[in-house]
Amino acid sequence: MAEDTSSPMDRFCGSTFWNATETWYTNDPDFTPCFEQTALVWTPCAFYWAFVIFDFYYLKASLDRNIPWNKLNVSKALVNLGLLVITALDLIMALVKKGGDSELPLYDLDVWGPIIKFATFLLVFIFIPLNRKYGVQTTGCQFIFWFLLTVLSIPRCRTEVRLDAERQKILNSQQPSEQDFSWEEYQFVSFFIFFTFTSIMLILNCFADGMPRQTKYQRGENEIPELSASFLSRITYQWFDKMALKGYRNPLEEKDLWDLRPQDSCSEVMPIFAHHWNQNVRKNYKNKARVEPKAQFSNGNVTFENPHGEKNGRKKGMASIMPPIYKSFGGVFLFGALMKLFTDTLTFAQPQVLSLIISFVEAQEAEPEWKGILYAVLLFVLAAAQTFILGQYFHRMFIVGLRIRTALINAIYRKALRISNSTKKESTVGEIVNLMAVDAQRFMELTTYLNMIWSAPLQIGLALYFLWQQLGPSVLAGLAVMIILIPVNGVIASRIKTYQIRQMKYKDERVKLMNEVLSGIKVLKLYAWEPSFEKQVLDIRDKEIATLRSTAYLNAGTSFLWSCAPFLVSLVTFATYVLTSEANQLSVEKVLVSIALFDLMKLPLTILPMLSVDIAETQVSVNRINKFLNSEELDPNSVLHDSSKPHPMSIENGEFSWGDEITLRNINIEVKKSSLVALVGTVGSGKSSVVQAFLGEMEKLAGVVNTVGKLAYVPQQAWIQNATVRDNILFGQTYDRKRYNKVIDACALRADIDILSAGDLTEIGEKGINLSGGQKQRISLARAVYSDADLYLLDDPLSAVDAHVGKHIFEEVIGPKGMLARKSRVLVTHGVTFLPQVDSIYVMKMGEISESGTFDQLVKNKGAFADFIIQHLQEGNEEEEELNQIKRQISSTGDVPELLGTVEKAIKLARTESLSDSISVTSADSLMGRGGSLRRRTKRQDSHDSVASAASLKKKQEVEGKLIETEKSQTGGVEFAVYKHYIKSVGIFLSVATLVLNFVFQAFQIGSNLWLTQWANDQNVANDTGLRDMYLGVYGAFGFGQVVTGYLSTLILSLGCVYSARYMHNVLLHGTLRWPMEMFDITPLGRIVNRFSKDVDTIDNTLPLNLRVVILQLFAVLATIVVISLSTPIFLAVIVPIAFLYYFAQRFYVATSRQLMRLESVSRSPIYSHFSETVTGASTIRAYNVGDRFIEESDAKVDKNQVCKYPSVIANRWLAIRLEMVGNLIILFASLFAVLGGQTNPGLVGLSVSYALQVTQTLNWLVRMSSDIETNIVSVERIKEYGETKQEAPWELEQDKNKPKNWPQEGHVEFQNFQVRYREGLDLVLRGVSFNIKGGEKVGIVGRTGAGKSSLTLALFRIIEAAGGRISIDGVDIASMGLHMLRSRLTIIPQDPVLFSGSLRINLDPFEIKTDDEIWKALELSHLKSFVKSLAAGLNHEIAEGGENLSVGQRQLVCLARALLRKTKVLVLDEATAAVDLETDDLIQKTIRTEFKECTVLTIAHRLNTILDSDKVIVLDKGQITEFASPTELLDNPKSAFYSMAKDANLV
């Protein structure tokens, strides 16, 4: 027995350890008992001991504690105990039965075997109560341990059963035997008990433990199932099934989503990152004096240290975000990297198994069948293992990416609340928001691929190593081709990039132009200018299409390079291989394994160049974020809070700057308790800066600033949040109804709130978009008053409100009797009116305080203050009664004659200006609930107008419920009609050609591969070089066919998509410009612009790419099925159920994923808008000291975005694992059938298996991309919808051509019982209006707001169509002509002057039909000639968007010039309400009287004096004519409405 040839293992067991003849070279394979009892048991044990460290890590990392005892963990403990008992028994029995006296020798195995098992089980057993105590619900190591143990014990089951059968035979045979089988019997029984127990443990480990009792975070009903999912459920993502099912049944909504995993939330991620960041910051200081504790948790707030540090700490350099990121998130990342390494190795095992299968088929007769089955199963196991590990790897990487993004967004947010003003000046709000939106996002996208930095070279290296083994040095030829292709690709890619940038530029231009066109659409329609602008848009679009076309050629180029790369590489390699030496012959195995390996190299080679670009871009992002996080912060100690000082607010000898030169010097201000201090001075004298100095916003160079108590601040430009009115006023405080109502009344907000659709719960748009300036200012003031602070800093809060509102607010809030009378207040003001009532006045001049004192003292001084008053009065902004008040105040102070003279002058001025505006505004006034004289300065106009318009809006809303239709977020699938529409727009021929070419391409590819195997199988090639060259030639020809068809198919598809994009955009543009005006009223501008930007962009760029990939992959899958079926026809039987599985996975995924993507993008924008809001309002937030609340809000928004983002990441993994398993089944069946099907051609078999190996990747892509297409084809649907919307009447009609050139010759306008309404279902605005105007008459139209004045002009231009009656001009019914015929023959000077960006010339004459002389003549008559002459570019002067670079008056004059250029017989003059200054107004009137003498002029008047000299006056009321006669006639009749209006306006 004991020969010395035996190995140590043989001695250890006392029997053979490994016997190849018994295990491998046999038809009935089996392991030796020794191998079964050592290797197969110790492998799982060793695995567990190696990886138990992870179990310890999970104990440490767990956030929960204390799982109650339950059936599961009790059974685990009991079964484990059973195992411990049985193992201990084994040891005891061995010591009893063997060795010593008994004839059975005791081997080492009998002692050590049980001991090793016992130790391992004991370790597992210890973890049961530990996991329970630390709340770990499932562990992977244990599951894998039991799984391995159970599976590896199966061979021993077979052996034991066989041995038992043999024993029974011996016992049953007749002769009585001497042998004692008791030890063997015992082993048999003990092993099966052991095996049963391990199987039970495996089953128990498939489930997760119960819920922990103590959790760090509330775990609600809605918690994510992953937290309590078992290991098995986690790696298969089975816990996600519920969500997938729900999403499949009906579209997911936000309430269906799960809560965030606590460890991904801001409150967990932030402290870790902050801790490492602060460490990193401290490292950068030479003086180590500042030692601070770790990131503290003061009620969950995280403090970040300021890398700028105190002024004394010398700095070693910038603190970078990279080290803290490594330290905070590196662990998970490294674990991921480990997994990646593992899968990379598995990938390269596949070609090795493939070569085994091929050699098995070649030697079919010699080899036993079980080997083939083993290979097939091995291939499947490899693929499956790879699937699961990769799934976990990507999941881990995504989590790291999400956490990094969370950390960065939060760090940036917290920093933004503290940056100093000099930092803020360096970058715009947009740039700071981009740090968050672009740079932090970029990190997240990169993490998934970051491991490719080492993985790609590793994969390439491994592939080369294995290829070298197959083909020797010839590999280098193929490698050379691959490497040459990389720079070629790089060059093309950079070209594509330049084209993309160019296309983006054109797109921006086009969208900007569209934006203007849509904003000014009403004017375009009135002027009939649409064709000119349509042409401008189409010109830009043509440039864009040209760029897209070039890109299409280049894209075809790259895809052509990639489709022919693998082929070229294999051609060159094989050619080199066979031509270098006679001895080199191709065998099937060589060919197929090499092709498989080349395929594996393709991906890393493509990714590397892309990755390097990405990393470079991310590096830029890192630098930008570092620069921002290291920028200077406000010094928190610049303002002291020393309560021992006598006054609550004071500045002593202050010097301050905004970061560059000194702005304020020698500032000494004291604000006594409960006093009101005014700061006055000319514009730019530094009044606001003083307020900022009190807030600590300025850099303090010298002096002491002291404030004691809670601050409230009203900035000059009101900062309004995108929230309800009430939230804006409460600003985070609790709602106290009584106090709230008091504040509202005091700030004169009651009327405004009543007008808003939902009262004070109306949502205010971003930046307070739906409020007027005055309303914003009052809300901002109300916020301050409500906050009930001790100190108030009011920076000119009365500038944007009207005089009487200002007076009300001063009395009720700011003044000595107001709500704030008991507080200390600093008021910056421009108005002189309130100065007599303040406690003291500081006069600012050039950044210094020139004098201070009470009103009376300062007036007597005759210093800067007196000058200020004089200058102020000359501007003439004050109302008559207020001036009288000042006059009284000044005259009471004694002799100040020159001042009094100025006041008298101002009073006169105010009288002459007392406006006849009453008509249009009385209604608004009564709305405001208080009278007061009326102003006519634009400055003051706006809050009134907005009230009036808001009122009319509210009425409208009540009538129609809702003005703006909500956009339908597309849910569910897309109808086939949309696809049909798209294919039609591409063109039937091109669509068919694409499919045919792709088909031919795949045919060539299969052909070339079949040809290769044919060549490899041919035995005669070895002796016949001619035959060899023929094979090589044909192979080359096949390849050439592939290359050509590949290029053409891509090119044709790309060009087809470009044609389609062009056609779609034209349809969209054509349709939108021909909408009736009412469509523009109910569709928000942004939504239309979105169609022109986002949807058109999708059709230009995203869809073509998706289609290309889908078509390619689809044909690849079909090719795979064809090849496998060729070699093993039985495979077709399996295809049907597999396709079924695949289809289901795809349907479930698409429905769920699409909705999750939508939710995610919806939840992402609030993060950024909240951030940009914060950046703009940072000083207010700091003044009120509510930074922490804003940080919490931001965190909540980020968490909410993660709630949507995380499931969509999981959905991807869920799908990938299911699809790849489907693919793995294809591999399994393809290889099984190949092995069992008795197929004798090894080439075909190898080919079918290698095709199957690729199918998983392809399937995965196919689903992804097809679901992308479904998501993106929605754009086609939306564009189609806009192109098919209701259109207005045709622009040109045939019969118009017969009309004379100068029609209308008379200008005779007649309304006959005319009725009109704005939209279906609304009331009539004109109810049967009839009047007759002879050619050349001048007619004024007056009436209160809403009487229908504007409707009259709109009806004349057919912007709104008649509901009854008719209008005729020169006897022709206007309804019978083309719109452009009609509109181009009437002239209008509209109310609001709309200008478009472009040259001045285009603005006057967009069709370029007038000569320069005519244009100059018009400019001269409209008093613009001298202005235009003074411009460098003259007529080609570029006008900014909306005419921003011209004053309102000049814009109005440009409109006049337009009218003069067109000069038709009928002129409509819609008078400007927010009138230009008086002189411009007179100029316009004069020009109209002289130039349009012969024309019929209809004037819609807001001021009566302009129409007193007209021939007739029409007075409208509620859509009917109440009076129609000459003005003199009406004024003679005191009962007429016209008379009473004139009286209101002091004209009679």
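The values are calculated or read from the model by the stated rules, or taken from the named source; none is laboratory data. All values reported here derive from a predicted model rather than from experimental measurement. Methodologically, a virtual Cβ is constructed for each residue, glycine included, from the backbone with ideal geometry; neighbour enumeration extends over all protein chains shown. Heads up: the accessible areas ignore ligands, DNA and RNA and are worked out on the full protein's heavy atoms, side chains in. Shrake-Rupley method; radii C 1.70, N 1.55, O 1.52, S 1.80 Å.
Filter region 535-589 down to residues that are of a type in the set (D, E, K, R) and buried (at least 18 other Cβ atoms within 10 Å of the Cβ) and give me whichever is farthest from Asn998 (Cα to Cα). Quick ask: steps written out before the conclusion?
First, the residues of region 535-589 that are of a type in the set (D, E, K, R): 535, 539, 541-544, 549, 582, 589.
Those left that are additionally buried (at least 18 other Cβ atoms within 10 Å of the Cβ): 541, 544, 589.
Details: Arg541: 31, Glu544: 28, Glu589: 29 Å.
Checking each candidate, the answer is Arg541.
Mind listing whichever residues of region 1225-1245 are surrounded by 23 or more Cβ atoms within 10 Å (Cβ to Cβ) and among the polar types (S, T, N, Q)?
Matches in region 1225-1245: Ser1231 only.
Quick one: count up the residues across region 769-806 that are open to solvent by 10 Å² or more (accessible area, probe 1.4 Å) and either without any contact (Cβ under 8 Å) to a residue 40 or more places away in the chain or not in a helix (DSSP H, G or I) (or both).
Selection size over region 769-806: 9.
Can you name the number of the only condition in (1) hydroxyl-bearing (Ser, Thr, Tyr); (2) open to solvent by less than 70 Å² (accessible area, probe 1.4 Å); (3) modelled with pLDDT of 85 or more; (4) touching a helix residue (DSSP H, G or I) at 6+ places or on another chain (Cβ under 6 Å) that Tyr217 fails?
(3)
Could you figure out which of (1) of a type in the set (Ser, Thr, Tyr); (2) open to solvent by less than 10 Å² (accessible area, probe 1.4 Å); (3) more than 16 Å from Ile1181 (Cα to Cα) isn't true of Ser688?
Every listed condition holds for Ser688 apart from (2).
Answer yes or no: is there a residue in region 241-252 that is open to solvent by 50 Å² or more (accessible area, probe 1.4 Å), in a helix (DSSP H, G or I), more than 21 Å from Cys206 (Cα to Cα) and touching an Asp or Glu at 6+ places or on another chain (Cβ under 8 Å).
Residues of region 241-252 open to solvent by 50 Å² or more (accessible area, probe 1.4 Å): 241-242, 245-246, 248-251.
Narrowing the set further to residues that are in a helix (DSSP H, G or I) leaves 241-242, 245-246, 248-249.
Now restrict to residues that are more than 21 Å from Cys206 (Cα to Cα): 245-246, 248-249.
Imposing the further condition that a residue be touching an Asp or Glu at 6+ places or on another chain (Cβ under 8 Å) reduces the set to 246.
Yes, there is a match, as at least one residue in region 241-252 is open to solvent by 50 Å² or more (accessible area, probe 1.4 Å), in a helix (DSSP H, G or I), more than 21 Å from Cys206 (Cα to Cα) and touching an Asp or Glu at 6+ places or on another chain (Cβ under 8 Å).
Filter region 498-531 down to residues that are touching a helix residue (DSSP H, G or I) at 6+ places or on another chain (Cβ under 8 Å) and among the hydroxyl-bearing types (Ser, Thr, Tyr) and give me whichever is nearest to Pro1084 (Cα to Cα).
Ser519
If you check Leu171 against the conditions, is it more than 59 Å from the chain's Cα centre (by Cα), within 30 Å of Asp110 (Cβ to Cβ) and of a type in the set (A, V, I, L, M)? Step through it out loud before you land on a result.
Values: more than 59 Å from the chain's Cα centre (by Cα): yes; within 30 Å of Asp110 (Cβ to Cβ): yes; of a type in the set (A, V, I, L, M): yes.
So Leu171 passes the test.
Report the residue count in region 337-387 for those that are more than 17 Å from Leu1253 (Cβ to Cβ), open to solvent by less than 60 Å² (accessible area, probe 1.4 Å) and not small (Gly, Ala, Ser).
Qualifying residue count, region 337-387: 6.
Could you tell me whether Pro609 is surrounded by fewer than 21 Cβ atoms within 10 Å (Cβ to Cβ), within 15 Å of Leu467 (Cβ to Cβ) and under 35 Å from the mean Cα position of the chain (by Cα)? Break it down stepwise before answering.
On the way: surrounded by fewer than 21 Cβ atoms within 10 Å (Cβ to Cβ): yes; within 15 Å of Leu467 (Cβ to Cβ): no; under 35 Å from the mean Cα position of the chain (by Cα): yes.
So Pro609 fails the test.
Condition check: more than 18 Å from Pro33 (Cβ to Cβ), out of contact with any Leu (no Cβ under 7 Å at 6 or more places or on another chain), of a type in the set (Ser, Thr, Tyr) and in a loop (DSSP other than H, G, I, E, B). Does Thr138 satisfy that?
Values: more than 18 Å from Pro33 (Cβ to Cβ): yes; out of contact with any Leu (no Cβ under 7 Å at 6 or more places or on another chain): yes; of a type in the set (Ser, Thr, Tyr): yes; in a loop (DSSP other than H, G, I, E, B): yes.
Yes: the conditions hold for Thr138.
Among (1) surrounded by fewer than 19 Cβ atoms within 10 Å (Cβ to Cβ); (2) more than 47 Å from the chain's Cα centre (by Cα), which single condition is Ala1418 missing?
Result: Ala1418 passes all but (1).
To keep it simple, each residue is scored yes or no on (1) touching a residue at least 24 places away in the same chain (Cβ under 8 Å); (2) part of a strand (DSSP E or B); (3) within 30 Å of Phe1524 (Cα to Cα).
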residue: Thr1256; (1), (2), (3): yes, no, no
residue: Thr1271; (1), (2), (3): yes, no, no
residue: Ser1275; (1), (2), (3): yes, no, no
residue: Glu1281; (1), (2), (3): no, no, no
residue: Trp1291; (1), (2), (3): yes, no, no
residue: Gly1307; (1), (2), (3): yes, no, yes
residue: Phe1311; (1), (2), (3): yes, yes, yes
residue: Val1325; (1), (2), (3): yes, yes, yes
residue: Val1329; (1), (2), (3): yes, yes, yes
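Working only within region 1496-1543, note down all residues that are in a loop (DSSP other than H, G, I, E, B) and open to solvent by less than 10 Å² (accessible area, probe 1.4 Å). Before the answer, list the steps.
Start the filter on region 1496-1543 by keeping residues that are in a loop (DSSP other than H, G, I, E, B), which leaves 1501-1503, 1507-1511, 1518-1519, 1526, 1533-1536.
Listed by number, the residues that qualify are Ala1501, Ile1507, Gly1519, Ser1536.
What number of residues within region 630-661 are assigned to a strand (DSSP E or B) and either open to solvent by less than 60 Å² (accessible area, probe 1.4 Å) or at positive phi (or both)?
Looking only at region 630-661, we keep the residues that are assigned to a strand (DSSP E or B), and these are 633, 639-640, 649-657.
With the extra rule that they be either open to solvent by less than 60 Å² (accessible area, probe 1.4 Å) or at positive phi (or both), the set shrinks to 633, 639, 649-651, 653-657.
Going through region 630-661 one residue at a time, the tally reaches 10.
Kindly provide the set of residues from region 723-754 that are in contact with a helix residue (DSSP H, G or I) (Cβ under 8 Å, 6 or more places away or on another chain), in a loop (DSSP other than H, G, I, E, B) and among the polar types (S, T, N, Q), ordered by number.
Step one: of region 723-754, the residues in contact with a helix residue (DSSP H, G or I) (Cβ under 8 Å, 6 or more places away or on another chain) are 724-726, 728-733, 735, 739-740, 743-753.
Adding the requirement that they be in a loop (DSSP other than H, G, I, E, B) leaves 731-733, 735, 747-749.
Across region 723-754, the qualifying residue is only Gln733.
Somewhere in region 691-704, is a residue among the polar types (S, T, N, Q) and open to solvent by less than 20 Å² (accessible area, probe 1.4 Å)? Quick ask: steps written out before the conclusion?
Just the residues of region 691-704 that are among the polar types (S, T, N, Q), to begin with: 692.
Then drop every residue that is not open to solvent by less than 20 Å² (accessible area, probe 1.4 Å), which leaves none.
Within region 691-704, not a single residue is among the polar types (S, T, N, Q) and open to solvent by less than 20 Å² (accessible area, probe 1.4 Å).
Hey, could you check region 1098-1130 for residues that are within 24 Å of the chain's Cα centre (by Cα), open to solvent by 10 Å² or more (accessible area, probe 1.4 Å) and among the aliphatic types (A, V, I, L, M) and say which is nearest to Arg549 (Cα to Cα)?
Leu1105
Taking Thr1180, is it in contact (Cβ under 8 Å) with a residue 40 or more places away in the chain and within 19 Å of the chain's Cα centre (by Cα)?
In short, no.
Filter region 1382-1392 down to residues that are crowded, with 20+ Cβ neighbours inside 10 Å and either at pLDDT 90 or above or among the charged types (D, E, K, R) (or both) and give me whichever is farthest from Ala1433 (Cα to Cα).
Selected residue: Leu1382.
For Leu1012, indicate whether it is at pLDDT below 90, surrounded by 21 or more Cβ atoms within 10 Å (Cβ to Cβ) and part of a helix (DSSP H, G or I).
Numbers: at pLDDT below 90: yes; surrounded by 21 or more Cβ atoms within 10 Å (Cβ to Cβ): yes; part of a helix (DSSP H, G or I): yes.
For Leu1012, the condition - at pLDDT below 90, surrounded by 21 or more Cβ atoms within 10 Å (Cβ to Cβ) and part of a helix (DSSP H, G or I) - is met.
Being closer than 15 Å to Phe656 by Cβ and not in a strand (DSSP E or B) is the filter here; which residues of region 697-722 pass it?
Of the residues in region 697-722, the ones closer than 15 Å to Phe656 by Cβ are 697-707.
Listed by number, the residues that qualify are Glu697, Met698.
What are the pairs with Cβ atoms under 8 angstrom where one residue, in region 742-764, is closer than 16 Å to Ala782 by Cα and modelled with pLDDT of 80 or more and the other, located anywhere, is among the hydroxyl-bearing types (Ser, Thr, Tyr) and assigned to a helix (DSSP H, G or I)? Sequence gap at least six, or different chains.
Here the result reads Val743/Tyr786, each pair linking region 742-764 to a residue that is among the hydroxyl-bearing types (Ser, Thr, Tyr) and assigned to a helix (DSSP H, G or I).
Is at least one residue of region 1393-1415 open to solvent by 60 Å² or more (accessible area, probe 1.4 Å), over 28 Å from Pro1290 (Cα atoms) and in a loop (DSSP other than H, G, I, E, B)? So that I can check it myself, show each step before the final result.
As a first pass, look at region 1393-1415 and keep what is open to solvent by 60 Å² or more (accessible area, probe 1.4 Å): 1407-1409, 1411-1414.
If we keep only those that are over 28 Å from Pro1290 (Cα atoms) too, we end up with 1411-1414.
Pick out the ones that are also in a loop (DSSP other than H, G, I, E, B) and you get 1411.
Yes, region 1393-1415 has at least one match.
Taking Ile1439 as the residue in question, decide whether it is touching a residue at least 12 places away in the same chain (Cβ under 8 Å) and either in contact with a helix residue (DSSP H, G or I) (Cβ under 8 Å, 6 or more places away or on another chain) or under 27 Å from Glu1292 (Cα atoms) (or both). Break it down stepwise before answering.
On the way: touching a residue at least 12 places away in the same chain (Cβ under 8 Å): yes; either in contact with a helix residue (DSSP H, G or I) (Cβ under 8 Å, 6 or more places away or on another chain) or under 27 Å from Glu1292 (Cα atoms) (or both): yes.
Against the criterion (touching a residue at least 12 places away in the same chain (Cβ under 8 Å) and either in contact with a helix residue (DSSP H, G or I) (Cβ under 8 Å, 6 or more places away or on another chain) or under 27 Å from Glu1292 (Cα atoms) (or both)), Ile1439 qualifies.
Find all pairs meeting these conditions: Cβ atoms under 6 angstrom apart; at least six residues apart or on different chains; first residue within region 613-633 and under 20 Å from Glu305 (Cβ atoms); second residue surrounded by fewer than 17 Cβ atoms within 10 Å (Cβ to Cβ).
Asn626/Met318; Asn630/Met318
Checking Asp101 against (1) in contact with a helix residue (DSSP H, G or I) (Cβ under 7 Å, 6 or more places away or on another chain); (2) open to solvent by 70 Å² or more (accessible area, probe 1.4 Å); (3) outside any helix (DSSP H, G or I), only one condition comes out false. Which one?
The single condition Asp101 does not satisfy is (1).
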